[in-house]
Every structure is written in structure tokens, then in C-alpha cells.
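The values are calculated or read from the model by the stated rules, or taken from the named source; none is laboratory data. Treat the numbers as computed from the prediction; the structure is a model and nothing was measured. All Cβ positions, glycine included, derive from the backbone under ideal geometry; neighbour counts span all protein chains shown.
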Amino acid sequence: MTTIERNKKLIISIITLSALSLISHTGFSQIFNSEQNPPSVKWRQINASGFRIIYPDELEKEAQRMTNTLRHIYPYVGASIGRRNTSIPILLQNQGVIANGFVQLGPKKSEFYTTPPQQFDSQDWLNNLAVHELRHVAQFDKLTGGQAHPFPEDVYLAWFGVSIPLWFFEGDAVSTETSLTNAGRGRIPSWIMPYRTQLLEGKKFSYSKVNFDSEKDLTPGYYQLGYVMASNLRKQSGRNIFDSVLTDIKRRPLRPYPFSGSLKKFSGKGSKEWFDNTSENLRKEWELQAQKTPSKNYPSLNKKASYATSWFLPVKINDHQLLTLKQSKSEPAHFALISPDKKEKKLLSIGYQEQPWFSYANGVVVWDEVRYDPRYRQRSYSVISSYDLQSGRTKKLSSRSRLFSPALSADAKKIVAVRFDLSNQCNLVEIDASNGKLLHTYPNPDNLILQTPAYRPDGEEVAFVSVSEKGKALRTIDRSGKISTLIAESQQQLSRPVYFPQGIAFNAHYNGIDNIYCIEPGTKKISALSAAKYGAFNPSLSPDGQAIVFNNYGVQGYEISESPLKAETPGENNFVFLGAAAAAQENSGNVFSAIPDSTFASRPYHTLGNLFKVHSIIPVIEDEYRGGLQINSDNLLSTMNAFAGVNYFRDLNRFEYNAGLTYKGFYPVLSAVYRNRPRRTFYSSKSGVQQGDWRENYVKVQASLPISLNALNDSYNFSLNTATSYTQRYLPENMPQNYITTLKFPMEYNFTFTHTTRQSERDIAPQWAQILRLTYLHQPFDKQLGGDLFAAESFLYFPGIARNHSFLANFSFQRTSGIRRYDREINTVYGYSNILARNKLSNTLLLNYRFPIVFPDAEIGPLAYIRNLRGGLFCHYENLGEETNLAEPKTFGFELRSSMNLLRYKPLVDVGGRVVFVNKLYNQNPILELILNYSF
């Protein structure tokens with residue numbers, strides 16, 4: 001990666017998380033997705049009222065609907081911050097199975113991932129995306145004036161990152177989606193449940209901890225923090241508070257903490273003061289709700305954890321064992337068996353899921369997990385796998401499928417699941433549990449969004465939740481296609497029906513808190529089966545049919561509880577609707593109640609005709625001597641990146657001109673870079689050391705083939721790269737007559753193989769991973785510059801002696817000759833640059849042991865939020881067998897590091913120090929190295 005590319009990546013990385021807007025119902029989080037779709041996708045477009053809808057041809061119907069929707073609702077969405085018109089491309093992405101959405105600058109666009117998740121609020125999924133993401137469009141337009149001339153989009157985005165906290169962007173958007181519709185996450189008790197639980201349990205988390213998360217405790221997060229802050233601000237300071245704040249930030253951008261300063265100017269309090277005010281008001285309101293809402297204490301069947309841990313979807317498989325899907329801050333998701341004495345046995349680790357899910361019957365477990373296309377990672381699949389508890393055998397039942405929430409029949413011979421095709425048609429399908437063969441497709445004539453199906457014990461009927469703009473409903477369907485509605489569409493957060501002897505159990509929030517209820521299909525009478533204080537979920541029937549086992553939410557996550565199967569009258573709804581004031585201020589009702597039904601002309605969107613989209617001019621600083629400007633182009637489909645720039649070399653008093661592009665639409669990734677640059681060297685002559693200068697034209701081309709595979713908790717990556725270049729030197733000044741004027745096509749080859757397993761949040765490094773990297777450089781077309789380099793590097797990660805500890809053994813070897821005699825391709829020992837070399841580098845053995853020490857979650861005022869303190873020990877060898885042996889390493893020592901958020905900004909900074917002791921053979925004093933890194 002060139003210095004220019006590194007600086008561009010730094011700028012983009014800093015701004016991305018700070019201005020990121022996404023939908024996340026399961027905790028999934030991502031930076032702007034720059035992956036590609038397969039070339040087989042045929043794109044079309046509709047242009048109307050400033051919106052450019054770009055979509056795969058399978059989504060023609062949805063694209064027409066979204067064009068009508070976006071045009072109609074934007075004036076309502078942007079009204080409270082003074083925005084009624086906009087211009088932006090909207091991409092509808094249908095190749096993936098992970099529900100998401102975002103708005104970005106550089107280039108300005110929004111992407112809607114059209115496949116709905118299996119759990120979200122009670123409205124149409126694309127409508128949900130539309131109102132939320134358009135609020136981000138309005139926010140961006142408010143700050144930029146809706147224009148980006150002359151192309152400063154990356155600069156705007158960087159400015160957002162240092163001016164405005166992420167909780168505002170997302171909290172204001174959630175407040176808007178809740179105020180303008182009959183649904184929205186602000187109306188879902190389970191969504192705000194972590195915040196309520198924290199406050200009622202007396203946990204006084206700091207402003208930074210709530211905002212930036214924790215590696216120890218379960219925290220609400222910046223979405224929930226933003227929603228409660230935005231709701232409280234709207235309630236106390238009026239409808240136009242954010243209009244005033246954003247206008248003031250735009251007028252006076254260059255000052256410390258501009259958002260908090262402007263907020264204090266118009267409301268009398270800064271961000272931290274509003275956090276304290278909001279938390280105290282929430283505590284009082286939720287305490288009153290708790291007093292009004294009777295609840296029961298349920299003992300836990302799992303052991304207590306000292307850090308955030310959840311045991312999802314518990315099932316009693318017999319009188320002595322509980323099966324659960326466990327996940328914690330220190331362990332990735334895996335199936336576990338829990339005995340009556342609360343001891344656990346780990347069974348099988350699994351891959352990433354959209355939401356925690358599995359089904360158990362007759363000794364068999366089935367679940368869905370995400371698998372990615374090996375090359376085009378915009379395309380992903382949801383596949384079904386099974387696990388036999390007795391034999392321990394795992395089987396993949398579907399490939400390249402889009403199947404969700406699989407549920408087993410009582411005899412474990414059939415599976416019912418939700419299927420979405422590329423046109424967003426949704427159906428329930430039945431497949432053979434032994435081989436994955438499709439057995440039956442249930443009709444869905446109105447194309448309702450279907451969720452979490454379950455078989456009746458005889459396998460002849462299926463219960464499921466349906467979602468439409470009218471709300472959520474609980475229905476049943478038999479094999480003939482006859483549908484019965486048990487609970488009509490409403491704003492109840494219905495989920496996960498399960499057949500019980502008394503009827504069908506399900507989740508809802510009739511008393512203002514998520515609890516477990518049961519409906520009798522004949523009378524449609526609804527009874528309460530739980531009365532949890534914070535939330536009860538995922539019921540299953542005990543083997544004797546006399547009790548229910550369920551998830552009882554606590555301050556550290558989802559615990560396992562059991563209660564006698566006893567039907568009670570549902571309590572009164574005491575839900576605290578925090579967004580009431582904002583909804584009253586908007587006074588719009590449901591903005592989706594009267595969407596027009598116009599038909600718009602569509603035409604093909606030609607990918608090759610839209611490769612370039614210039615969006616930004618950014619400053620580039622390579623070092624203290626070199627800097628300049630760079631113009632960037634990134635097309636809407638993320639297949640072409642290009643740049644052109646000019647740098648001034650202060651030490652040479654000359655300019656460099658450069659340009660480059662990368663095309664990622666083919667299976668291999670192709671790139672080319674051109675530089676016209678000044679160069680300087682020093683050489684020995686009869687007159688002494690001489691300075692020589694010249695200019696050169698440098699061209700480099702590269703092809704790379706990245707392949708990624710994943711299965712269960714394993715990921716495999718293969719990368720093959722080849723590159724060459726051509727250099728022509730001219731305008732020599734004081735150069736020797738025999739200096740080389742052309743460098744002809746040196747060749748470079750790289751191959752990398754990586755295998756890793758899923759990591760937990762607390763893991764310092766991989767627990768189990770293997771990396772092999774091979775490099776070969778030579779010059780077959782330039783005989784006057786003979787020489788080559790071969791390097792082999794291996795990285796082997798192992799678990800340490802305690803949880804989240806990691807041991808790395810890195811052995812590397814290189815062989816060099818000719819002009820590459822002193823090149824260095826492999827990792828070196830710590831302190832290498834401060835130790836005089838005795839011989840040419842040929843191999844290294846680097847042993848590193850890393851471990852966490854403490855997770856303080858300490859907020860030092862506005863200066864820093866310290867998340868962890870980590871330690872490390874190392875023992876490094878160089879030229880093993882020549883200079884050092886296993887008894888005498890070249891360097892050894894220790895390091896201390898800490899991850900922290902500085903000045904209440906999102907980027908995570910890693911700071912620390914390392915003490916390097918040097919083998920006495922080198923007569924070198926100990927070396928102190930300071931460490932400063934960042935991550936996003």
C-alpha cells in the first residue's frame with residue numbers, strides 16, 4: 001500500500017464510523033460496504049424527484065414502490081431540520097442475506113439491503129429502511145447545504161466525525177422513524193430493555209461507557225443512547241432544537257466540541273449534562289413503571305457470569321440436561337449442555353447468524369448461519385446445518401440458499417423455514433431433515449414478510465408471525481394452504497410461536513414489557529405465562545409438560561429460568577413511550593398511510609458506462625516533507641476506484657504527479673498506478689560523496705485474486721497476487737554516466753493462506769489460527785540488474801494458559817541475492833532498527849504471548865475512556881543457528897498496552913510501551929519503544 005493510499009485509508013477510516021448510518025437489530029455492525037456484486041446482476045434505474053433508484057432487475061416491483069415512497073415521505077422526514085428536497089442515488093441490494101442499510105458520502109449514496117431480518121419492528125422492512133435512512137440524508141444535506149462543490153465529500157465526512165457524536169446521527173434517526181410511523185424501534189420494549197435494566201439495577205455507567213460499549217458489561221449502545229437523548233431533548237427543548245444545533249455547527253465549524261457547544265447554546269446544557277439529565281429522568285419513569293407492573297423473580301438455571309454472557313433459546317432435552325446457544329464477551333457462539341449443578345459442556349461452535357436461532361427435536365439440532373460468496377461478498381447465503389447430539393456429526397442441509405429460522409418437526413424428520421428469493425418473494429418451505437430436499441412450498445399470495453415458524457406436534461400445521469405495514473399478526477397454515485389468523489395485525493412485537501398443550505405460546509409486550517403469552521386457537525383467549533421484570537423470551541416446554549423454560553433477561557444478558565406452566569390474566573400496559581413528545585410535535589400520523597401508486601419509466605443501468613464518479617478533493621500528507629492534493633473517484637457499485645494527485649516534495653523543491661485505478665468487477669482485482677516523480681540519491685566518486693537528481697516515469701500494474709470461504713466457526717482465505725512495473729529515468733542532474741535509465745518489469749508474486757476461527761470481544765489475538773505467506777521477487781527481463789528474493793512466513797496462533805490469552809509462533813525465512821541482497825521482506829525482532837546488524841537477515845523466530853490484565857471501563861472526564869489494560873511477553877530470535885540459539889534470544893522483554901477512546905471520539909486508540917532487552921552479544925542497552933495505533 002502506498003503512502004497516499006494509507007493516508008486516504010486513514011481519512012476514510014476516521015470518518016466512516018463517525019458518520020455511519022445503519023440498521024442493526026441483532027448487534028451486527030459494519031463500516032460502509034465496499035464489496036462487489038457478481039457480474040451476472042443486471043441493473044436498472046429509475047430517476048424521479050432527485051432520487052436515482054438503482055436496482056437488480058428482479059426488484060422492479062419493489063423499486064417502483066420505493067420510488068413512490070421516497071418521493072412522498074422525504075418532506076416529512078426532513079421537515080424538523082428544514083430539508084424538503086434532496087438528490088441522492090439509492091441502491092437496492094438483493095444478493096445478501098444480512099439486513100442492513102446506510103447513507104454515506106464519498107460518493108454520496110444510500111444502500112438498502114432488501115432481505116428482511118427475522119426480527120424487527122411491526123412495519124414493512126423497506127419502509128422501515130426508507131424513513132430511517134432518509135433522515136440521515138436530511139442530516140447530511142443540512143450540514144453540507146445539499147451540495148458538494150468542488151467535490152469535498154470526504155472532507156465533509158471527516159468534519160462530521162470530529163464535530164458530531166455518532167449517538168446523535170442514529171438517535172435522531174430512530175426518533176424520526178418512531179415519530180413518523182405507527183412502529184419504529186422506540187416503541188419496542190426489548191430494544192430499549194438494556195438501558196432500562198441497567199438503570200433499575202443501579203448500574204451508573206458513564207457517558208462514554210454507554211456510548212462506546214464495554215468488554216466487561218452489557219451496555220445500551222449509541223443507538224439507544226441517541227434515542228433517549230434525542231427524545232428528551234425534543235421534549236424539553238422543542239421540535240426545532242436539532243435544526244438550530246446543526247445550523248450553528250455549519251456556520252461555526254472550527255471549534256472544539258462544536259456539537260456540545262451548540263447544544264449548550266440553544267438548550268442550556270452540553271452533551272454530558274444532557275446525559276446526566278436524561279438518565280435521571282429515565283430512572284424515575286422506569287421505577288414508576290416497575291411499581292405499576294407486577295413482576296416475579298425467577299431463579300437462574302445457569303451459573304452466574306462476571307461479565308456479559310447470554311444463554312439463548314434454552315431447551316430441556318431430558319430431566320438432567322439443558323441445551324442452549326451460549327455467547328459472551330469472552331467466548332464466541334457455541335452450543336452447550338448444562339447439567340443440574342450448572343456445569344457446562346461445550347458441544348459445537350457455529351458461524352455468524354442474523355439473530356441467535358436453533359431448533360431441537362428428538363436428539364437433533366438445526367440452525368441457520370451466514371455463508372459468503374468466495375469472491376463477491378455482496379452476495380451471501382443463509383444455509384441450514386444440523387447436528388446429531390448422539391453421534392456428534394454435523395451436516396450441511398442446504399447450499400447457496402436463502403433460508404431462515406428453521407424449525408424441526410417433533411420426529412426431527414422435516415424442517416419448516418422461511419425463504420426469500422431475489423425478488424423478495426417470501427414463502428414458508430418444508431425440507432427433508434436428512435438431506436435438505438424441498439418437500440413443500442406454502443402459498444403466500446399477499447407476499448407478507450414471514451417470521452419464525454413452528455410445527456404443531458403432529459406436523460400437519462405451522463404457526464408463524466407475519467409482518468406488513470399494518471403490523472404483526474400471528475397465523476397458522478396447513479398443508480392445503482388454508483390460513484387462520486389468531487391475532488390480527490397490531491403493533492405488538494410478536495415473535496417465536498411455539499405449540500404448547502394449552503395452545504400456542506409466543507412473545508409479546510401486552511403489559512409494556514416483553515413476556516411470554518399463550519393463545520387458545522379455538523377461543524383466541526390470551527393468557528400470560530411469565531411476568532419478568534425486564535423481559536422473558538424464547539419459551540420451550542419441559543419434558544414432563546408441566547413447566548416452561550425460557551430466557552429471563554438480566555443485567556448481564558439472557559439467563560435461563562424455569563416456571564410452572566400456569567396461565568394468568570395479562571397485566572395492564574404500562575409501557576413508557578419516550579418518543580411521545582416528538583411524535584406529537586411532528587403530528588404527521590403514519591407517513592406510509594397514503595403512498596401514491598404511480599408507475600415510473602425505468603431503463604438499464606450500464607455498469608461500464610458508470611465507472612467513474614468524482615466526489616472529493618482531499619489533502620494528502622505523506623510525511624513532514626511531502627504533501628499535496630488528491631482527487632478521488634469511486635463508482636456507486638464499488639467496482640472502480642481511481643485517483644489523481646499532485647504532491648510537493650519540500651526537500652527536493654519539486655512536484656510529483658500521480659494517478660491510479662483499481663477495478664474490482666472481474667474475478668481478479670486489477671490495479672494500475674502511474675507516478676511522475678523527482679528522485680535523489682547519493683553516491684561515491686573520486687571527488688567524494690555526490691548528490692544526484694533525476695525524474696522518472698513509474699508504472700506499476702497488479703492482479704490479485706482474493707478468495708474467502710467460511711463454514712461453522714472457521715474462515716479460510718486465499719490470496720494470489722502478481723505485479724510488475726516499468727521505470728524510465730530522465731533529466732539527470734549530476735548523475736554518473738553509467739547510471740541505469742530503465743528498470744524493466746521486475747516481477748513480484750505473493751501467495752497467502754489464512755485459517756482462523758471466530759474470536760470473542762475479549763480475545764487479544766486469535767486463539768487458533770494459521771497463516772502462510774510466500775513471496776518471490778526477481779527480474780527476468782532485466783539482466784543488468786540480476787538478483788532475486790524468496791521469503792516464506794508462517795504464523796501459528798495457539799490458546800494460552802487462560803481464557804482470552806494467545807500465543808504466537810512466527811517463523812520466517814528469506815533468501816536474497818544480487819541487487820536484492822539487503823532487502824527485507826520478513827518480520828524482524830523488536831528493536832531491530834536500533835541494533836547494529838552483524839549479518840545479512842536470513843530468518844527470524846518470534847514468540848509472543850499476549851493476555852488481558854483488567855477491563856476498567858474508566859472514564860477520565862472528557863479526556864479518555866480506558867477500556868482495557870493488556871500485557872505481553874516476547875522472546876525473539878534472529879538468524880537462528882547462526883547468531884542466536886534457543887537458549888540465547890536476540891531480544892526479549894515485555895509490553896503494556898491499553899485501548900481507549902480519546903476526547904469522547906469513536907476511533908479506538910491503542911497506546912502503550914515496550915521494554916526490549918538485547919542479547920549481551922550486541923553490547924546494547926535496553927530499548928524503550930512507544931506504541932500508538934488506531935482502529936475502527
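Might you check whether a residue that is farther than 20 Å from Phe798 by Cβ, touching a His at 6+ places or on another chain (Cβ under 9 Å), crowded, with 18+ Cβ neighbours inside 10 Å and of a type in the set (D, E, K, R) occurs anywhere in the stretch 871-880? No, every residue in the stretch 871-880 fails to be farther than 20 Å from Phe798 by Cβ, touching a His at 6+ places or on another chain (Cβ under 9 Å), crowded, with 18+ Cβ neighbours inside 10 Å and of a type in the set (D, E, K, R). Of the strands (runs of 3 or more DSSP E) lying entirely inside the stretch 461-517, those containing at least 1 residues that are surrounded by fewer than 22 Cβ atoms within 10 Å (Cβ to Cβ), among the hydroxyl-bearing types (Ser, Thr, Tyr) and in the same structural domain as Gln546 (by TED's automatic domain parsing) are 461-468, 471-478, 483-490, 495-500. Screening the stretch 560-598 for residues that are crowded, with 20+ Cβ neighbours inside 10 Å and touching a Pro at 6+ places or on another chain (Cβ under 7 Å) and picking the one that is farthest from Gln502 (Cα to Cα) gives Ile560. Any idea which residue in the stretch 613-648 is modelled with the lowest pLDDT, counting only those that are under 25 Å from Glu35 (Cα atoms) and assigned to a loop (DSSP other than H, G, I, E, B)? Looking at residues that are under 25 Å from Glu35 (Cα atoms) and assigned to a loop (DSSP other than H, G, I, E, B), I get Lys613.
I want to confirm something. Restricting to the stretch 900-936 and keeping residues that are small (Gly, Ala, Ser) and at pLDDT 95 or above, which single residue is surrounded by the most Cβ atoms within 10 Å (Cβ to Cβ)? Reasoning before the result, please.
Initial filter on the stretch 900-936 (small (Gly, Ala, Ser)): 912-913, 935.
With at pLDDT 95 or above added as a condition, the list becomes 912-913.
On the way: Gly912: 18, Gly913: 12.
Once the filter is applied, the top-ranked residue is Gly912.
Residues are listed down the side, and each one gets a yes or a no for (1) surrounded by fewer than 20 Cβ atoms within 10 Å (Cβ to Cβ); (2) of a type in the set (D, E, K, R); (3) out of contact with any Ser or Thr (no Cβ under 7 Å at 6 or more places or on another chain); (4) part of a strand (DSSP E or B):
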position: Pro39; (1), (2), (3), (4): yes, no, yes, no
position: Asn47; (1), (2), (3), (4): yes, no, yes, yes
position: Arg52; (1), (2), (3), (4): yes, yes, yes, yes
position: Arg65; (1), (2), (3), (4): yes, yes, yes, no
position: Leu70; (1), (2), (3), (4): no, no, yes, no
position: Ile73; (1), (2), (3), (4): no, no, yes, no
position: Val77; (1), (2), (3), (4): no, no, no, no
position: Ser80; (1), (2), (3), (4): no, no, yes, no
position: Arg84; (1), (2), (3), (4): yes, yes, yes, no
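In the stretch 833-843, what residues are over 18 Å from Ile927 (Cα atoms) and either touching a Lys or Arg at 6+ places or on another chain (Cβ under 8 Å) or not assigned by TED's automatic domain parsing to the domain that holds Asn925 (or both)? The answer is Lys840, Leu841, Ser842.
Go through the stretch 436-451 and report how many residues are surrounded by 13 or more Cβ atoms within 10 Å (Cβ to Cβ) and assigned to a loop (DSSP other than H, G, I, E, B). Residues flagged as surrounded by 13 or more Cβ atoms within 10 Å (Cβ to Cβ) and assigned to a loop (DSSP other than H, G, I, E, B) within the stretch 436-451 amount to 5. Only residues that are hydrophobic (A, V, I, L, M, F, W, C) and not in a strand (DSSP E or B) were counted in the stretch 718-750, giving 2.
Just name the residue that is nearest to the chain's Cα centre (by Cα) out of those in the stretch 599-613 that are surrounded by 11 or more Cβ atoms within 10 Å (Cβ to Cβ) and within 18 Å of Glu58 (Cβ to Cβ). Talk me through it step by step, then tell me what you get.
So the first thing to find is which residues in the stretch 599-613 are surrounded by 11 or more Cβ atoms within 10 Å (Cβ to Cβ), and the list is 600, 602, 604-605, 607, 610-613.
Within this subset, residues satisfying the condition of being within 18 Å of Glu58 (Cβ to Cβ) are 600, 602, 604-605, 607.
Details: Phe600: 35, Ser602: 33, Pro604: 31, Tyr605: 29, Thr607: 27 Å.
Among residues in the stretch 599-613 that are surrounded by 11 or more Cβ atoms within 10 Å (Cβ to Cβ) and within 18 Å of Glu58 (Cβ to Cβ), the one nearest to the chain's Cα centre (by Cα) is Thr607.
Helices (runs of 4 or more DSSP H) wholly in the stretch 151-231 with at least 1 residues that are assigned by TED's automatic domain parsing to the domain that holds Asn127, closer than 19 Å to Asp121 by Cβ and under 20 Å from the mean Cα position of the chain (by Cα) - which ones?
Numbers: elements: 153-163, 166-179, 189-200, 207-212.
Because the criterion is at least 1 residues that are assigned by TED's automatic domain parsing to the domain that holds Asn127, closer than 19 Å to Asp121 by Cβ and under 20 Å from the mean Cα position of the chain (by Cα), the helices (runs of 4 or more DSSP H) in the stretch 151-231 that meet it are 166-179, 189-200.
Just one of the listed residues (Tyr830, Tyr822) is in a loop (DSSP other than H, G, I, E, B), assigned by TED's automatic domain parsing to the domain that holds Leu896 and within 38 Å of the chain's Cα centre (by Cα), namely Tyr830. Filtered by the rule that a residue be within 15 Å of Leu225 (Cα to Cα), of a type in the set (D, E, K, R) and touching a strand residue (DSSP E or B) at 6+ places or on another chain (Cβ under 9 Å), the stretch 172-208 gives no residues. Flag: Asp154 matches the condition of being of a type in the set (Asp, Glu), surrounded by 23 or more Cβ atoms within 10 Å (Cβ to Cβ) and farther than 25 Å from Val418 by Cα.
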